[in-house]
């Protein structure tokens, strides 16, 4: 039987079991991709179903518009969401993203899709409370569709080609939106090179979010707050400390307001955290994660015999991606940091989102 | 009873993926094995090496185990292997 061809079932109960039996899903249930649902979504898009978006590694199977739509239907996407999924796939297929490595590595990282711009409100993405959690169909379904594309088209099957030692829950669905309403700064996609007033999706392969309580709601200086964030970025076991690469800082609205009121813009935050997020050689030389001969290793630019020398987790200020999301929170002023995958891949890529005109 | 048609989400193979070159003829040739030193795959490398020696009967082999999965082989190691007919590089972690 050709696994790429349609199947026929007698009823929806049988459809669910067949989808599991055929390995069309990674464990979570999925919407049966009936011809009616798929064709309705294709009609909405108005694109040639056989148009090729790209070849998705590691299996390098062909992502046609139709195959992507089938996975979107299974994920519960409204047809309006599908351009966001397609833009995310296009971004992930950029060479610097190294999707082949991301799909196969023993590391835990997974592609995170960050939606920003007017599309957030237009399609109902959640950028506020519980931004990494549940509650929004758009976040859940778009993230889920991306994962199913990586599974069914890319062939990144857990325990087979995907050798992640732990993985993380974001490997089921991993999509957030930027909270531009509560951000004192420009959007993430502008930092990535798109016009500020456009909509975009930025993909970044990262670990699960690590929560940071800074006490931003109390009487603190911006430097106090950034010192706490810096310590959370520069953890000894992180990919960044050992091998550089990018880190995503998701600043909560309360912290963002505090930093902005103290005169900080995003570039100043990057530069200050570049200086603050450091660990001494005496600590880091006990970590043999990377050999000092490796091109990513900090020994390339720090004297490994100087115990007091400080190693920056952020090799350059620009290695820090900064965005605002989440709810207002309590006086703790919550934020989140997501570490990337050194310089090995998953480096942030952006694509504009062109919604289908009704 | 009418049946329900479900579209498959599985992508078709790329023509590139099926165009894998056949393994070259190795009989009588000199083969290098350049393997990473990760503890989880050392038994696999050993079995692979034995299988290739048995099946292809190379005239000579040389094996290099790198000290670290992530470290590239040194230039001197690469130069030492420059006279082989085929170098088989194991890169998994």
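Read the figures in this text as sums done on the coordinates, not as results from a lab. Owing to the predicted nature of the structure, the values given are computational and were not obtained by experimental measurement. Here the Cβ positions follow ideal geometry from the backbone for every residue, glycine too, while neighbour counts run over all protein chains shown.
The calculated FRET efficiency for residue A:303 paired with residue B:68, based on their beta-carbon distance and R0 = 25 Å, is about 0.75. From least to most packed, judged by other beta carbons within 10 angstrom and beginning with the fewest, B:54, A:64 follow the order B:54, A:64. Taking 7 Å steps out from each Cα toward its Cβ at residue A:96 and residue A:22 produces label points 3.8 nm apart. Look at the alpha carbon pairs under 8 Å that are at least 6 residues apart: their mean separation over the length of the stretch B:26-90 gives a relative contact order of 58 percent. Cβ-to-Cβ counts within 10 Å put A:132, B:56, A:125 in ascending order as B:56, A:132, A:125, the fewest first. Using Cα centres only, tell me the gap between the stretch A:1-19 and the stretch A:225-265 in whole Å. Each part's Cα centre sits 47 Å from the other's.
Counts of other chain beta carbons within 10 angstrom of each beta carbon in peptide A:141-153 average 1. Using a/c under 1.5 as the rounded threshold, could you call the stretch A:151-214 rounded, prolate or oblate? The axes a ≥ b ≥ c are square roots of the C-alpha gyration tensor eigenvalues, and prolate needs a/b larger than b/c, oblate otherwise. The shape class here is oblate. Remark: mean inter-chain Cβ contacts per residue of A:71-77 equal 2, using a 10 Å Cβ-Cβ cutoff to other protein chain atoms. With each label modelled as a point 7 angstrom along the Cα→C-beta vector, the residue A:160-residue A:236 pair spans 4.0 nm. Among A:227, B:8, the order by Cβ neighbours within 10 angstrom, fewest to most, reads A:227, B:8.
Peptide packing: for B:57-68, B:31-42, the average count of neighbouring Cβ atoms within 10 Å per residue gives the ranking B:31-42, B:57-68, highest mean first.
Please work out whether the protein assembly as shown counts as rounded, prolate or oblate from its C-alpha gyration tensor, where a ≥ b ≥ c are the square roots of the eigenvalues and a/c under 1.5 means rounded, while otherwise a/b larger than b/c means prolate and anything else oblate? Cα axes put the protein assembly as shown in the oblate bin. Residue by residue along A:54-61, Cβ atoms of other protein chains within 10 Å of the local Cβ number 4 on average. Our summary of shape: the Cα atoms of the stretch A:36-105 have principal axis extents of 37, 21, 17 Å, ordered from largest down, in whole angstrom. Between the stretch B:35-93 and the stretch A:77-152, the alpha-carbon centres lie 39 Å apart. Given an 8 Å cut-off on Cα distances and at least 6 residues of separation, report the relative contact order of chain A as a percent. After rounding, I find 22 percent.
With the Cα gyration tensor of the stretch B:26-90 giving a ≥ b ≥ c as the square roots of its eigenvalues, does the rule (a/c under 1.5 for rounded; else a/b larger than b/c for prolate; else oblate) give rounded, prolate or oblate? Cα axes put the stretch B:26-90 in the oblate bin. What separates the Cα centres of the stretch A:46-69 and the stretch A:268-332 is a distance of 38 Å. Computed from the Cβ-Cβ distance with R0 of 51 Å, the FRET efficiency linking residue A:275 to residue B:47 stands at 0.50.
The angle separating the long axis of helix A:266-276 from the principal Cα axis of greatest extent in chain A is about 60 degrees. The modelled label-to-label distance for the pair residue B:60/residue A:48, using points 7 Å beyond Cα in the direction of Cβ, is 5.5 nm.
Over chain A, dividing the summed -39,500 (n - 2.57) contributions of all DSSP H runs of at least 4 residues by the number of residues returns a 222 nm mean residue ellipticity of -9000 deg cm²/dmol.
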